[in-house]
Each structure stands twice: as C-alpha cells, then as structure tokens.
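The values are calculated or read from the model by the stated rules, or taken from the named source; none is laboratory data. It should be emphasised that the depicted structure is a prediction, and the values quoted were computed from it without experimental measurement. Positions of Cβ are generated from backbone atoms using ideal geometry, with glycine treated the same way; all protein chains shown enter the neighbour counts. Ligands, DNA and RNA are excluded from the accessible area calculation, which covers all protein heavy atoms including side chains. Shrake-Rupley method; radii C 1.70, N 1.55, O 1.52, S 1.80 Å.
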Amino acid sequence: MTPLRAWQRLLAGEPNPGYLCDIGTSTVTGISAFAAPALADRVGFVGHPTLQNVALSAHDVEALGSDFARAGFLFERPAVVGDRVRDEYGVEWLWEGHSLSPLNHPLTAADLVRVARHPRPKWPGLVQFPEPHEGRDSIVIGDAPCAGLLEMSFLLRGRGRMLEDITDTWRVANMLLDWSLETVASGYEHYLTALPRCPEVILYGDDYGYSNSMFISPIEFRQFLVPRLRTLFARIRKTCNGAIAFHSCGAIGPILGDLSDLGVAALNIQADAKGMKLADVRRVTPSTMILHGYCDLAALGNAVETGNKADVALRTRELVESSPAIAAPVDTVDSYPRFLNAARGASFVKALTPDLIDQIEQSSRLIDAIEVPYQRSLSTPPPLLDGSAPESMYVDSHDTG
C-alpha cells in the first residue's frame, strides 16, 4: 500500500495496516541546518528563516524513512551581522550558538495606528513542491509559511506586553491579532496558489503554553483566537482542500475540544506537558483524530540504538495505543545524533507489519513481540542523503503586497 493510500484510509477512519512516519518536512519535524551542516550547505535553502530547517527534497526525506514530503516557501539562510539578525517583520534576533532568540520587538511601544500600519513581509519568490520519483507516492505536507497568530503577536509586541494587552488593553491586542491574521492567511494563500496541486496536509502551528500551564486562559483563547482561527482555516480551505494539522506546544488540555471543533484532522502536541497524557487527550478528542508525533521517533530510535528494549517496548505500546497516529520526531531535529536516531526509529516503525501489530496488541510479553522489528531496524544502514536541491522551485509572480 502506498503512503498516500494509507493516509486516505487514516482520514476515512479505516483500519490502517501499518504506521506512517514524518521526518524532515516541516517546522515541527525538520532537520536543523546545525544538525547536518554539510547537507544544509549542499541544499542551500531552509524552510524557516529562524529555525533554519533544511528544505530537503522528497528523495532525501524518503531516505530518512518519511512517508511525507515538503511543500512551501524556500528561504535563504539569514545573514548574521555580528550576533544579530533582523527579519522581514522588523524583529531583531540574537544569535546564540546554534539558534536565534527574539531580542527586540518592533511594536513594543506602538499605539493602534502604528500597529495597523506596520509593514507586511515580502514573501519569498521560490516555492518547493515534491516531484514524484520512481513510483513513490508521498503524502505532500504544506509547511507553515510563518509563525501562528499568537506567536506572531508575541514577536511583534513582546510576549509580556502582549499578555498585558490581552488582559488590560484589548483594543491593541485585537489589532495585533488582526494584523497577524491577515499576514498569516496571505502567506498560506500566496504559496498554495503557486503549487501545481493542493497538498494532502497543511500544517498550522501556534504555541499556547508552557509545560505546566497555558499562556492565556481558555476563556481568552475562545474570545481572542477561536474566531480568528475559524476565519484563517476558512481562507485556507477556500484556497486548498487539504486536511489541517495543528501544532501547539504546552499544557493545552483545556482547549483540545475547541481545536477538535475547528475541524482539525491531526494534532501535534507536547506529550510530556501537564495534562497531556494519552488517556487524557483521547478522552476529549474524537476517536478519528490523528495524533502526529505523539510517539517520538528520535527517542524510539535512541532506545533501539542503545539496546534499551524495555524503552522500545514502552514506546511501541504508546504508538499502538495512540492510533490513529503518525510517528515523528518531537520538534526540530537539532543535533546529528537525533538526526540518525529519528531515521533509526522510522526503520523500526516500518518493520511493524500488520501481523506484528496484532501480536503487540495481544501480547503480555511485549519485549518478545518487538524482537523482529528490533532486529530489522538494527540491520538497516544509516540514511544516505544526496543533498539534492528541492524539486520544482516555482517563481511566484503573485502580488506580495
């Protein structure tokens, strides 16, 4: 069965004879340029200007074990002046080791007029879309073009100031969120209309919390964000009918039902955050909701690599019990060992045949049941990536505003 057919069965709520893997395709599964610098140099483009995830080709992500391939904007790696980078939004970032952290926010002291008149970004002129190759029928995932609504407002205003606005000066908070809504929506519309066909999945990401609590209350989420998310998703769906996958870090258990009501097909969430245990998540989401990345491929691969069969067994059980599910690394793959471990984890998941899955579901000795995929995974050679340039780079001639 092809990955695309397996995805269609997942969406339809049909039994799926195996598990799909997603590695290296988006802002939530991407390979950091710092994890594989030689590869980053050969590819030359990133899928996110500050996370700097390498814009890998379909051929390369398939070598990693991914059933998904990326579509989305292609960004040049940012130019660092001293230890600073200024992005298209006017945010100044501090270069710290192998990462960028927001330092100065352009609208911290802005009034309503300045917020409304803040210039919008110029979108990149190159868009990536995976070409079919050698009969491979990958699932195309449309990457997020930029930060989400709340995160965008944090970047422009500063997190502390924006949270104060939501509580005290709601007119400014609304104006910032309206600016962000128009910007985010135009980003999706801009690149989706440039593609030769609609991706099967479209990723949207916005972090709503710390590991033990949310940034804002559920009431504030419903007041400030839910109406705008409905508008955003309606505009995305009008442009492209792909299923929406929603990513958010943090302890967002109190709003999982709200996200389900928005018609989201897949959730990528922080499994180790407070209140996000599998039983809690499944209690408030539809049985057909696909959990993306709840099983951490990098952690699974590390358990295989180090011979920790007890941990392999526990993570395998988690994958099976979280179904319908897609296995993926948790967050950006930011080191070379995690890069290799994610691929090792994918090779293990690929060895889970329907018969083995049945055995795992029924076995009281899970360590015995995983022995076959464990040995097959260990015998799988490390991935060889050729660093080919992203396929089908289309010059987008639309008005960028």
ask   = Within the bounds of segment 130-152, is there any residue that is over 17 Å from Arg235 (Cβ atoms) and part of a helix (DSSP H, G or I)?
value = yes
inquiry  = Please count how many residues of segment 237-259 are open to solvent by 50 Å² or more (accessible area, probe 1.4 Å) and not in a helix (DSSP H, G or I).
reply    = 1
inquiry  = Out of everything in segment 180-197 that is of a type in the set (A, V, I, L, M, F, W, C) and open to solvent by less than 10 Å² (accessible area, probe 1.4 Å), what residue ends up being farthest from Gly148 (Cα to Cα)?
reply    = Ala185
request  = Residues being outside any loop (DSSP other than H, G, I, E, B) and aromatic (Phe, Trp, Tyr): count how many of those fall in segment 1-27.
outcome  = 1
inquiry  = All but one of (1) among the small types (Gly, Ala, Ser); (2) surrounded by 15 or more Cβ atoms within 10 Å (Cβ to Cβ); (3) assigned to a helix (DSSP H, G or I) hold for Gly160; state the number of the condition that does not hold.
reply    = (2)
Segment 91-108, subset out of contact with any strand residue (DSSP E or B) (no Cβ under 6 Å at 6 or more places or on another chain) and modelled with pLDDT of 95 or more, residue farthest from Glu189 (Cα to Cα) = Thr108
inquiry  = Go through segment 87-106 and report how many residues are surrounded by 13 or more Cβ atoms within 10 Å (Cβ to Cβ), assigned to a loop (DSSP other than H, G, I, E, B) and out of contact with any Gly (no Cβ under 8 Å at 6 or more places or on another chain).
reply    = 6
message = Here's a check for you: in segment 198-236, which residue that is farther than 18 Å from His247 by Cβ and in contact (Cβ under 8 Å) with a residue 40 or more places away in the chain is surrounded by the most Cβ atoms within 10 Å (Cβ to Cβ)?
response = Phe224
request  = Could you pull out the residue among Arg42, Arg70, Arg84, Arg77 that is among the basic types (Lys, Arg), closer than 25 Å to Gly125 by Cα and surrounded by 23 or more Cβ atoms within 10 Å (Cβ to Cβ)?
outcome  = Arg70
ask   = Can you pull out the residues in segment 39-69 that are in a helix (DSSP H, G or I), of a type in the set (A, V, I, L, M, F, W, C) and closer than 16 Å to Cys21 by Cβ?
value = Ala58, Val61, Ala63, Leu64
